[in-house]
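Asker: Can you keep this structure in mind? I'll have questions shortly.
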Amino acid sequence: MPVRAAMTAALIVFGTGLAPPSVAQSPSPYDVRYTARSETPLRGAIEAGARPVATVPKGADGIVLRWCRPEIPFATWQFGSPATWRKILDERACEVEWNGSVGFVDGTALAPAR
């Protein structure tokens, strides 16, 4: 095999050694911790009038997002701006874990921690 063909084959097999182009993206909404934007009840069910199991105080941090309804669109989240994230959260009810308790909050009460 001529040298040029061997080098071409090696580049194809082993790549160029260059990093792929970077793309701005954020972690999944389930890989981010949240803070409480305001005092909010941690409800025992997803319905707005459900009985609270705890109260999450304003500024509480370390809130873990377990799931939301409607489901969060990952591509929109990952490539979105903080304003996009706010809009997504404002339209959802989410099950969260905070301080050993699990329950539901409106997405309006959550802010991604920075």
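The values are calculated or read from the model by the stated rules, or taken from the named source; none is laboratory data. These numbers come from a predicted model, not from an experiment. Please note: Cβ atoms are built from the backbone with ideal geometry, for glycine as well, and neighbour counts cover all protein chains shown.
Asker: Of all residues in the stretch 67-95, which are touching a Cys at 6+ places or on another chain (Cβ under 9 Å) and of a type in the set (A, V, I, L, M, F, W, C)?
Answerer: Listed by number, the residues that qualify are Trp67, Cys68, Ile72, Ile88, Leu89, Ala93, Cys94.
Asker: Then there is this: Determine the pairs where a residue that is within 14 Å of Arg33 (Cβ to Cβ), located within the stretch 102-114, has a partner that is at pLDDT below 95 and not in a strand (DSSP E or B) with Cβ atoms under 7 Å apart, the partner being 6 or more residues away or on another chain.
Answerer: That search, which allows pairs on different chains as well, returns Pro112/Val32; Ala113/Val32.
Asker: Within the stretch 55-114, which residues are assigned to a strand (DSSP E or B), surrounded by 14 or more Cβ atoms within 10 Å (Cβ to Cβ) and of a type in the set (D, E, K, R)?
Answerer: Listed by number, the residues that qualify are Glu95, Glu97, Asp106.
Asker: Given the options Ser101, Ser38, Ser28, name the one that is of a type in the set (S, T, N, Q) and modelled with pLDDT under 95.
Answerer: Ser28
The rows are residues; the columns are (1) among the hydrophobic types (A, V, I, L, M, F, W, C); (2) in contact (Cβ under 8 Å) with a residue 24 or more places away in the chain.
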site	(1), (2)
Lys58	no, no
Arg66	no, yes
Ile72	yes, yes
Thr76	no, no
Phe79	yes, yes
Asp90	no, no
Ala93	yes, yes
Val96	yes, yes
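Asker: OK, next. In the stretch 84-114, which residues are polar (S, T, N, Q) and within 15 Å of Ser28 (Cβ to Cβ)?
Answerer: If the condition is that a residue be polar (S, T, N, Q) and within 15 Å of Ser28 (Cβ to Cβ), then Thr84 is the only one that fits.
Asker: Let me ask something additional. Can you tell me which condition Lys58 does not meet? The list is (1) within 18 Å of Pro112 (Cα to Cα); (2) modelled with pLDDT under 95, and all the others hold.
Answerer: Every condition holds for Lys58 apart from (2).
Asker: Still on this model: In the stretch 41-54, what residues are hydrophobic (A, V, I, L, M, F, W, C) and either surrounded by 12 or more Cβ atoms within 10 Å (Cβ to Cβ) or at pLDDT 95 or above (or both)?
Answerer: Across the stretch 41-54, the qualifying residues are Leu42, Ala45, Ile46, Ala50, Val53, Ala54.
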